[in-house]
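The values are calculated or read from the model by the stated rules, or taken from the named source; none is laboratory data. Just so you know, these numbers come straight off a predicted model, no measurement behind them. Cβ placement follows ideal geometry from the backbone for every residue including glycine, while neighbour counts extend to all protein chains displayed. Protein only, heavy atoms only, side chains kept; ligands, DNA and RNA dropped before computing areas. Shrake-Rupley method; radii C 1.70, N 1.55, O 1.52, S 1.80 Å.
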Amino acid sequence: MMKLAGFNPKTHMPIYDKHRIVSENEILRHGWYFKTFNDEEYVYIGNDLVLKIYKSPAKQIKEHPVPKPLAEILSYVKQIRNRDTQLIYGRKYPGQQLRKISIQKKNRKSS
């Protein structure tokens, strides 16, 4: 399993840019790692195809995943990461359009 670049939710939070709706061309250019709302993970392998990733390597070998077209899973995608595994696109709820995400530091309360 690959190590994903993360952020600490106690100190940082994702900001969904309401005015920056992502096109399919941008997803094909920058997107690499896809996570759906039902916690399935996919990797972009080129030619508009994605391959399902399983949690354990033994299941990956046993199941023999078949590449799927990206358009088939695009409506279920929750988060998209780039090749550096940084979170770049996402949506909060199913049915929303994919938007650009930026990670910002939370404001500290002064005492």
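At a probe radius of 1.4 angstrom, the accessible area of the chain per residue rounds to 71 square angstrom.
How much of the accessible area of the chain, probe 1.4 Å, is carbon plus sulfur, in whole percent?
Details: 4040 of 7930 Å².
Carbon and sulfur atoms account for 51 percent of the accessible area of the chain.
Ranking His64, Ile88, Val77 by how far each Cα lies toward the positive end of the dipole of the range 1-108 (charges on Cβ) leaves Ile88 at the top. Of the chymotrypsin sites (Phe, Trp or Tyr not before Pro) found in the range 35-111, the ones in coil according to DSSP and having at most 15 other Cβ atoms within 10 Å of their Cβ are Phe37, Tyr54.
Model label points for Glu63 and Gln86, set 7 angstrom from Cα along the Cα-to-Cβ axis, are 3.0 nm apart.
Between Arg20 and Lys100, the built amide H atoms are under 5 Å apart, and every one of these is 5 or more places off in sequence or on another chain. Taking each DSSP H run with n ≥ 4 as -39500 (n - 2.57) and averaging over every residue of the chain yields -3500 deg cm²/dmol at 222 nm.
For Phe37, the residues 5 or more places off, or on other chains, whose built amide H falls under 5 Å of its own are Lys78. For the chain, the calculated P(r), taken from all Cα-Cα distances in 5 Å bins from zero up to the bin holding the longest distance, is 2, 11, 20, 23, 19, 12, 7, 4, 2, 1, 0, 0 percent. Ranking of Ile80, Ile61 by solvent-accessible surface, largest first: Ile61, Ile80 (1.4 Å probe, protein heavy atoms only, all chains present). In the chain, Cα pairs under 8 Å separated by at least six residues give a relative contact order of 35 percent.
What is the dipole size for the chain, taken about its Cα centre, with +1 at each Lys and Arg Cβ and -1 at each Asp and Glu Cβ, in debye to the nearest 20?
Numbers: 22 positive and 10 negative charges, 157 e Å.
Magnitude of the dipole: close to 760 debye.
Taking all protein chains as they are arranged and a probe of 1.4 Å, the heavy atoms of Asp39 leave approximately 100 Å² accessible to solvent.
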